[in-house]
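Structure first, commentary second.
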Amino acid sequence: MNIEAIKERVSVKAFNDLTSLIEESRIIGLGTGSTVKYFIREFLRSRLCRGKIIVVSSIDTLLFVRKYSKDLCLADISSVEIVDIYVDGADEVSSNRDLVKGRGAAFLREKMIALRAQYRVYLVDYSKYNEKNYLYKKPVPVEVTIHALPWILEKLSLNDQFKPVLRMGKAKDGPIISDNGNVIIDLYPLKPIEKPDEVDKRLRLINGVIETGIFPRDLVDRVYIGYEDRIKVLKGTR
């Protein structure tokens, strides 16, 4: 089974498991990425999307949703105080349900939705699950204001836990610009991130840092992990 088939399988499993919760929900949050698109496709093909308010985390997801239907009720996250359920992907998952997100550069809005959500579900394939109780595999992205970029890069270079690298565009010269008009610095770990919540808070205290791609376990209620022969589910206390 190839990796795309695994992504589709885990998304269909999650959609079927969450059917009753989706039915009871009024506002649905949808994340960004290749895996969650399979979930979005199932959701939009079903009757469950009718009458729902949908909050998307990126322009990419907005365009994907619009491709399937132009009649849906879409709302900006700034106009929503509570999201009933939020479904997204992740780039790295620990056994403690701590996550790293942000390869799609949408993590600022993703975290805004997650903070407002009553229930948060993430879908990944097995390559994203590190099986450790800490994070270490993937760089931690931070979104920063471009006006403070040189100062932030210098400050982050003094941190012995990470190697900061400005994320550059592939089809254009210069850095990647997020949907919010900011730039992304990827922090490559030099040692395990054993207390992700503390690292997240410490990084956000740096002037000019807007958000990080660390999603501590208190923003994670359930993670579906797809393998070739099974689907593993990590659950919180709720």
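Residue count for the range 181-232 satisfying the condition of being β-branched (Val, Ile, Thr) and without any contact (Cβ under 8 Å) to a residue 24 or more places away in the chain: 0.
Residues checked against (1) polar (S, T, N, Q); (2) over 17 Å from the mean Cα position of the chain (by Cα):
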site	(1), (2)
Glu110	no, no
Gln118	yes, no
Leu135	no, no
Glu154	no, yes
Pro175	no, yes
Gly181	no, yes
Ile184	no, no
Leu203	no, yes
Glu211	no, no
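The set of residues in the range 109-146 being of a type in the set (Gly, Ala, Ser) and in a strand (DSSP E or B) consists of Ala117 alone. Can you tell me which residue is surrounded by the most Cβ atoms within 10 Å (Cβ to Cβ) among those in the range 56-108 that are among the hydroxyl-bearing types (Ser, Thr, Tyr) and in a loop (DSSP other than H, G, I, E, B)? So, considering only residues that are among the hydroxyl-bearing types (Ser, Thr, Tyr) and in a loop (DSSP other than H, G, I, E, B), the one surrounded by the most Cβ atoms within 10 Å (Cβ to Cβ) is Ser57. Beta carbons closer than 9 Å, at least 6 apart along the sequence or on distinct chains, pair a first residue in the range 101-112 that is touching a residue at least 40 places away in the same chain (Cβ under 8 Å) and more than 11 Å from Ile210 (Cβ to Cβ) with a second that is hydrophobic (A, V, I, L, M, F, W, C) and assigned to a loop (DSSP other than H, G, I, E, B) for Lys101/Ala90; Ala105/Ile176.
Restricting the range 1-43 to residues that are in a helix (DSSP H, G or I) and among the basic types (Lys, Arg) leaves a set whose member that is surrounded by the fewest Cβ atoms within 10 Å (Cβ to Cβ) is Lys13. Consider the range 178-202 and keep the residues that are within 15 Å of Asn159 (Cβ to Cβ) and hydrophobic (A, V, I, L, M, F, W, C). The one that is surrounded by the fewest Cβ atoms within 10 Å (Cβ to Cβ) is Leu190.
None of Asp179, Asp173 is assigned to a loop (DSSP other than H, G, I, E, B), of a type in the set (D, E, K, R) and in contact with a Lys or Arg (Cβ under 8 Å, 6 or more places away or on another chain) except Asp179. Using the structure shown, decide if Pro164 is under 16 Å from the mean Cα position of the chain (by Cα) and open to solvent by less than 50 Å² (accessible area, probe 1.4 Å). Considered against the rule, which asks whether it is under 16 Å from the mean Cα position of the chain (by Cα) and open to solvent by less than 50 Å² (accessible area, probe 1.4 Å), Pro164 comes out as no.
Any residue in the range 202-218 that is touching a helix residue (DSSP H, G or I) at 6+ places or on another chain (Cβ under 8 Å), assigned to a loop (DSSP other than H, G, I, E, B) and closer than 20 Å to Tyr136 by Cβ? Yes: one or more hits.
The values are calculated or read from the model by the stated rules, or taken from the named source; none is laboratory data. Everything numeric here is computed off the predicted structure, so don't read it as measured data. For neighbour counting, all protein chains shown are included, and Cβ atoms are generated from backbone atoms with ideal geometry for every residue, glycine included. For accessibility, only protein heavy atoms count, side chains too; no ligands or nucleic acids. Shrake-Rupley method; radii C 1.70, N 1.55, O 1.52, S 1.80 Å.
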